[in-house]
Amino acid sequence: MAHHSLLQTGEISLEGQFLWGSNYTLFVNVCIGEETLQAVYKPTRGERPLWDFPTATLALREVAAYQVSELLGWSLVPPTVYREEGPLGPGSLQQYMVHDENYHYFNFSPEDRQRLRSTTLFDFIINNADRKGGHILKGHDDHLWLIDHGICFHEDPKLRTVIWDFAGEPIPDDLCADLHRFREALEPDQAGRTSLEPYLTSREITALARRTDRLLAANIFPRTPRNARPYPWPLV
């Protein structure tokens, strides 16, 4: 069974809690028959209210980030679903990726840092307010995965990230082509927009489209803003 389907329909059993972070983040097993998948469960009831994001929406934004990653064809975010009937109520459920916990952006090899161009563009269009160095995981299969997208997709500029390595560089043609296809999928009645509607408001999807338009019009990687705090805290 595909991991996405297993996450969507499997039985969830609590195994432990991650102690980092300000919201409840739980380690779970998801099972159907003999198939078991490790996952991260973020129940909505465990979300700490934020002044600038609507209440009880962070789990939905986690799923929206996965949807955008898939629409782009970049496979940046591990499979993520929204479950109504979790052990602690509704919340997001994301496949857990085994990784080296001591290897992160700030000690990446130069070669791995060069692989972050798509991550930089992804964070800009989803308006990621919290791209810490520890939110980029290198899986045992050498794939780079992005996690923690609960505070993304705000209508107002919120981008805070540690990754400014490519500021001002031209966007490669292949990534531009992916962005153009993604933008077309956000048009009214298109499948891409429909896939995001359960998780984001109409205004948030429109803002997502406008950020993509601005990125394509500039055709360069975003520069560090002068009139806003560009980095998250803490950095890792």
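The values are calculated or read from the model by the stated rules, or taken from the named source; none is laboratory data. Everything quoted here is computed from the prediction, not taken from an experiment. Every residue, glycine among them, receives a Cβ derived from its backbone with ideal geometry; neighbour counts consider all protein chains shown. The protein model used for the area step is the full one, side chains on, heavy atoms only, and it has no ligands, DNA or RNA in it. Shrake-Rupley method; radii C 1.70, N 1.55, O 1.52, S 1.80 Å.
Return yes when Phe106 is of a type outside the set (Val, Ile, Thr), closer than 25 Å to Trp233 by Cα, at pLDDT 95 or above and open to solvent by 60 Å² or more (accessible area, probe 1.4 Å) and no when it is not. In short, yes.
Among the residues in the stretch 101-122, are any in contact with a Cys (Cβ under 9 Å, 6 or more places away or on another chain) and in a loop (DSSP other than H, G, I, E, B)? No, every residue in the stretch 101-122 fails to be in contact with a Cys (Cβ under 9 Å, 6 or more places away or on another chain) and in a loop (DSSP other than H, G, I, E, B). Whenever a residue of the stretch 120-141 is more than 20 Å from Leu186 (Cα to Cα), its partners that are of a type in the set (Ser, Thr, Tyr) and in a strand (DSSP E or B), lying with C-beta atoms within less than 6 angstrom and at least six residues away or across chains, give the pairs Arg131/Thr161.
Filtering the stretch 151-200 to residues that are under 27 Å from Lys42 (Cα atoms) and among the aromatic types (Phe, Trp, Tyr) leaves Phe153, Tyr199. Quick one: would you say Asp165 is touching a residue at least 40 places away in the same chain (Cβ under 8 Å), surrounded by fewer than 20 Cβ atoms within 10 Å (Cβ to Cβ), among the charged types (D, E, K, R) and in contact with a Lys or Arg (Cβ under 9 Å, 6 or more places away or on another chain)? Yes, satisfied.
A single entry from Thr194, Thr206, Thr224, Thr201 fulfils the requirement of being open to solvent by 30 Å² or more (accessible area, probe 1.4 Å), modelled with pLDDT under 95 and hydroxyl-bearing (Ser, Thr, Tyr): Thr224. When Arg115 is tested against (1) closer than 25 Å to Leu179 by Cα; (2) modelled with pLDDT under 95; (3) not aromatic (Phe, Trp, Tyr), exactly one condition is not met: (2). There is no residue in the stretch 124-142 that is in contact with a helix residue (DSSP H, G or I) (Cβ under 9 Å, 6 or more places away or on another chain), of a type in the set (A, V, I, L, M, F, W, C) and in a loop (DSSP other than H, G, I, E, B). Does Tyr41 count as at pLDDT 95 or above and of a type outside the set (Val, Ile, Thr)? Against the criterion (at pLDDT 95 or above and of a type outside the set (Val, Ile, Thr)), Tyr41 qualifies.
In the stretch 59-98, how many are assigned to a helix (DSSP H, G or I) and either open to solvent by less than 20 Å² (accessible area, probe 1.4 Å) or of a type in the set (Lys, Arg) (or both)?
The qualifying residues number 9.
Please name all residue pairs, on different chains or six or more residues apart, with Cβ atoms under 6 Å, provided the first residue is in the stretch 209-236 and is under 15 Å from Ile163 (Cβ atoms) and the second residue is open to solvent by less than 30 Å² (accessible area, probe 1.4 Å) and outside any loop (DSSP other than H, G, I, E, B). Note: pairs meeting the criteria are Phe221/Thr120; Leu235/Gly133; Val236/Gly133; Val236/Gly134.
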